[in-house]
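Trainee: I have a structure I would like to understand better, so I am pasting it below and will then ask my questions one at a time.
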Amino acid sequence: MVAADGRVDVLRNTSIGGGVSYSEEHEDRGNPNTIGSPNEPVQFNTTVARVGAFRGLGKANARFDSEVKKIEFENGTSTSGAFINNSVRDRNEYTQTLRLGYQLNDRFETFIRGKWENRVYDNKLAGRSNNGQTYTAG
């Protein structure tokens, strides 16, 4: 894995940051998402770019983050020698998160967070692209 991250403090209680990363990975044997019975673990590459901003206003604060992740799988062969087309799993994942917080005291903060995700598969015929939302409060 290779990665770089950074942050710039623009003003007091205001910062922007981001980063990029690239990794070459493999799926564990027996992974339920693996296609067929590959004779070797499935290799894939993940590229990520992200950017975010934070702003504190007295006891209140807000944070916005956005991330793009590209996942590309390598094709393989099965234990019987048949071709396995893993490119149908190639996709881009887009995530945006907004978090609003309020500092109650030095130790506690209340917050609400909304997260929006969108997965877009390169193979449009598979019909696997999807999106979702998650809301959290604490």
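Trainee: Which value, in Å² rounded to 10, gives the accessible area of LYS124 with a 1.4 Å probe and all protein chains present?
Mentor: 130 Å²
Trainee: Taking the solvent-accessible surface of protein heavy atoms with a 1.4 Å probe, what is the per residue accessible area of the chain in Å²?
Mentor: Details: 9360 Å² over 138 residues.
Each residue of the chain exposes 68 Å² on average to a 1.4 Å probe.
Trainee: Tell me the relative contact order for the stretch 35-111 as a rounded percent, counting alpha carbon contacts under 8 Å between residues six or more apart.
Mentor: 31 percent
Trainee: State to the nearest 20 debye the size of the charge dipole of the chain about its Cα centre, where the only charges are +1 on K and R beta carbons and -1 on D and E beta carbons.
Mentor: With only Lys, Arg, Asp and Glu charged at Cβ, the dipole is about 760 debye.
Trainee: Next question, about the same structure. Say R0 is 30 Å: what FRET efficiency, to the nearest 0.05, do ILE35 and ARG12 get from their beta-carbon distance?
Mentor: 0.05
Trainee: Name the residue from GLY101, SER37, SER78 whose Cα lies farthest towards the positive end of the charge dipole of the chain, charges +1 on Cβ of Lys and Arg and -1 on Cβ of Asp and Glu.
Mentor: Towards the positive end, the residue furthest out is GLY101.
Trainee: Would you calculate the convex hull of the Cα atoms in the chain and tell me its volume per residue in Å³?
Mentor: Values: hull volume 18.6 nm³, N = 138.
Here the figure is 135 Å³ per residue.
Trainee: May I ask you to order 34-46, 3-15 by the average number of other C-beta atoms within 10 Å around their residues, highest value first?
Mentor: Output ranking for 34-46, 3-15: 34-46, 3-15.
Trainee: Along the positive direction of the dipole of the chain (beta-carbon charges: Lys, Arg +1; Asp, Glu -1; about the Cα centre), which of PHE111, VAL20, VAL51 reaches farthest?
Mentor: So the residue we want is PHE111.
The values are calculated or read from the model by the stated rules, or taken from the named source; none is laboratory data. Keep in mind that this is a model prediction, so the values were computed, not measured. Note that we place each Cβ from the backbone using ideal geometry, even for glycine, and neighbour counts take in every protein chain shown. Remember, those area values only see protein heavy atoms, side chains included, never the ligands or the DNA or RNA. Shrake-Rupley method; radii C 1.70, N 1.55, O 1.52, S 1.80 Å.
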